[in-house]
Amino acid sequence: MKRLVQGNEAIFLGAIKAGANFFAGYPISPSSEILVLAAEYAARDPGFKFIQSEDELAAANAIIGASLAGAKSFTATSGPGFTLMQEAIGYGHQVEIPTVIVDVQRVGPATGMPTMPAQQDIVQTNYGSSGDYYPLVFYPNSVEECYRYAAAAFSAAEESLSPVIVLSDAFVGHLNEVVDIDAIEVEVVPRSRPPLGTGRRFFTGLAHDEEGKPRTADAMVYREWLSKVKARHKKVAARYSDLEFKENTSTDTLLISYGIVSRVIAPLASEFALFRPIRIFPMMGVELRECAQGYEKIVVIEANDGQYACLVERELKREVIQIPLLGGRINLDLARKGLSEKLERGLP
Amino acid sequence: MFKDLLKLERFPTTWCPGCGIGQIMIQLAMVMDELGLNYTNCTIISGVGCTGRLAGYMNVDGVYTLHGRTLPVAEAVKLVTPSLKVIVVSGDGDLASIGGNHLFHAARRNPDLTVLCNNNQVYGLTGGQAGPTTPRDTPTVSSPAGAHYDPVDLQNLIKAGAKYFYAKTTVYHQLHLRNCVREAVAWPGFAFVDIISQCIENNGRRLGFNSAYEMLLHFRKTYKRAPEGAETLEPYEIGIVRQG
């Protein structure tokens, strides 16, 4: 049945569709609707477990414990809370724990501008914890996609055995659109690892060998482990190489944007070519290079000060023009103003 | 046999000779053996620090969490699998300092968890810095002129809720320790066992002890059993206070 659904609600429903049965969270705008929906769901369905944690550290670690115990678990937060969750995200990668973290972005750093929309956690998403790791990250731009990619995140988490991030922003999270949720088909991957209480395993945040035995001074064991994980993540990422590319032969300029900004600049399709990564990390190298071929100018429009633009520049090994939409004001006029300044007047 | 609950193939352990953690592990294994706890019905969640390594030496599924995060992990495991006996083993620094917020809130929520706290009053693994349980004026590498503050009052922190279980014991008083662990495992709620133990290498020697044995004798001399029915344990009393 078609009805009005909010972005945050769609994320929650996508999680349920994927079989999620555990949520832990700490209230923070603009993500709190997800926590409230989880609390309501747990009150109706005793098979769904809910904890309102004392802080985001606890929430991120609770979903790890729940996952080890056999649940499909998730949490939702925003910038400052996402920062607190970084240590658990690194742990999840070291211990190889499938779980899902939703980050509905707002303007930062710190408390910033609650709760104006932003896309300022892009770099944090990819590099926020210590060590090397290869997170899978989805960034939907519509209510339907919120549902679709929330569900996909759970499958990707099971396949990659890692914490998968769903990025959103205050606009996408609070966007209301008419969709028929039941008509959206998603693939559901079952739980992969036997739960606690079935073996004699040791799950440790220390570097370890295949048996879980700590190996804290063996470079070979570490390198083998990291390359194995890297290969697995690359393989899973390839399964979800979702992107949107609108070719335009009448222009020499490709505009790259994602999330809410890609919705806002959609009317520019007649004047420019458009590229939008949906599985935003790992970076889409091959796809990005292919789409960028033939365009003299590459422009990244985003609601941060060039976080993704720098990564695109590194990937393409070409100069990229940055148009930052800052301070929570994201609109077509500002994007047009930026384009005219940078492309026509050549301002830095 | 309690030895079946130990991964003897991973011995020798990482702990220094004379460390108290091995004794806690043996007593825990004995209690688990007595109560029929094994890899099918029990899991051990440990934190970072010397004590955290304990889970890796036990023949059950074990989780060595992030520093300070044992309780959120354990609480979630228990919520998802109520039939599983969930035992948390960690150090005083892990539970009472970096994990202090979780300790206070877990005690308040009163989940059915057993928490064994190896209270050696120092950060041992990192080289002997003052911790949340270091007595005032104790010299450590991070408090050369003596610790500046009174230690955290674990008993009253745990007893702040309407329902609580707090036991204090020492590694010297082995039967008492075993009894406290057994009662804690059987307690239907949040049960905290505060186990005074010795870190000879990174604390004891600086305090003038020549061996772990001397530290154990010091525990024997210093700690006395609380009178039957005591509602509060005095600073050098061992015993159990509880309210269901």
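Assorted remarks:
- Considering residues of the range B:112-127 that are open to solvent by 40 Å² or more (accessible area, probe 1.4 Å) and within 18 Å of B:Thr14 (Cα to Cα) only, the residue nearest to the other protein chains (Cβ to nearest Cβ): B:Leu125
- One residue from A:Thr198, A:Thr249 being in the same structural domain as A:Gln120 (by TED's automatic domain parsing), part of a loop (DSSP other than H, G, I, E, B), surrounded by fewer than 16 Cβ atoms within 10 Å (Cβ to Cβ) and among the β-branched types (Val, Ile, Thr): A:Thr198
- Note on the range B:67-111: residues that are part of a helix (DSSP H, G or I) and within 7 Å of chain A (Cβ to nearest Cβ) total 11.
- Considering residues of the range A:131-146 that are open to solvent by 10 Å² or more (accessible area, probe 1.4 Å) and part of a helix (DSSP H, G or I) only, the residue nearest to A:His93 (Cα to Cα): A:Glu145
- A residue that is touching a Gly at 6+ places or on another chain (Cβ under 8 Å), more than 10 Å from every other protein chain (Cβ to nearest Cβ) and of a type in the set (Val, Ile, Thr) can be found somewhere in the range A:16-38.
- Screening A:Ile89 with (1) over 19 Å from B:Glu75 (Cα atoms); (2) within 14 Å of chain B (Cβ to nearest Cβ); (3) not charged (D, E, K, R) gives one miss only, at (1).
- Some residue of the range A:214-221 being in contact with a helix residue (DSSP H, G or I) (Cβ under 6 Å, 6 or more places away or on another chain), of a type in the set (Lys, Arg) and either outside the structural domain of A:Ser130 (by TED's automatic domain parsing) or open to solvent by 70 Å² or more (accessible area, probe 1.4 Å) (or both): yes
- When residues of the range B:152-189 are limited to those that are in a strand (DSSP E or B) and open to solvent by less than 10 Å² (accessible area, probe 1.4 Å), the one farthest from B:Pro139 (Cα to Cα): B:Phe165
- Test: residue in the range A:166-186 that is over 30 Å from B:Phe11 (Cα atoms) and without any contact (Cβ under 8 Å) to a residue 40 or more places away in the chain: yes
- Within the range A:167-214, being acidic (Asp, Glu) and within 14 Å of another protein chain (Cβ to nearest Cβ) holds for A:Asp209, A:Glu211.
- Residue, nearest to the other protein chains (Cβ to nearest Cβ), within the range B:12-30, restricted to residues that are crowded, with 19+ Cβ neighbours inside 10 Å and in a loop (DSSP other than H, G, I, E, B): B:Trp15
- Considering the range B:31-51, and only residues there that are in contact with a Phe, Trp or Tyr (Cβ under 9 Å, 6 or more places away or on another chain) and under 19 Å from A:Gly197 (Cα atoms), the residue that is surrounded by the most Cβ atoms within 10 Å (Cβ to Cβ) turns out to be B:Ile45.
- Residue check: B:Leu233 meets all listed conditions (1) assigned to a helix (DSSP H, G or I); (2) out of contact with any Phe, Trp or Tyr (no Cβ under 6 Å at 6 or more places or on another chain); (3) aliphatic (A, V, I, L, M) but one, namely (1).
- For B:Ala130, the conditions (1) closer than 30 Å to B:Pro227 by Cβ; (2) open to solvent by 10 Å² or more (accessible area, probe 1.4 Å) all hold with the exception of (1).
- Residue match in the range B:49-64 (condition: part of a loop (DSSP other than H, G, I, E, B), over 18 Å from B:Met25 (Cα atoms) and at the interface with another protein chain (Cβ under 8 Å from one of its Cβ atoms)): no
- Given (1) over 23 Å from A:Pro324 (Cβ atoms); (2) open to solvent by 10 Å² or more (accessible area, probe 1.4 Å); (3) among the small types (Gly, Ala, Ser), number of the condition A:Gly128 does not satisfy: (1)
- Some residue of the range A:234-251 being of a type in the set (S, T, N, Q) and under 21 Å from A:Glu144 (Cα atoms): yes
- Screening the candidates B:Asp194, B:Asp137 for the property of being of a type outside the set (Lys, Arg) and on the phi > 0 side of the Ramachandran plot yields one hit, B:Asp137.
- Every residue from the range B:190-232 that is surrounded by 19 or more Cβ atoms within 10 Å (Cβ to Cβ) and more than 25 Å from B:Gly146 (Cβ to Cβ): B:Phe190, B:Ala191, B:Phe192, B:Val193
The values are calculated or read from the model by the stated rules, or taken from the named source; none is laboratory data. None of the values given here were measured: they were computed from a predicted structure. Methodologically, a virtual Cβ is constructed for each residue, glycine included, from the backbone with ideal geometry; neighbour enumeration extends over all protein chains shown. Accessible surface areas use protein heavy atoms only, side chains included; no ligands, DNA or RNA. Shrake-Rupley method; radii C 1.70, N 1.55, O 1.52, S 1.80 Å.
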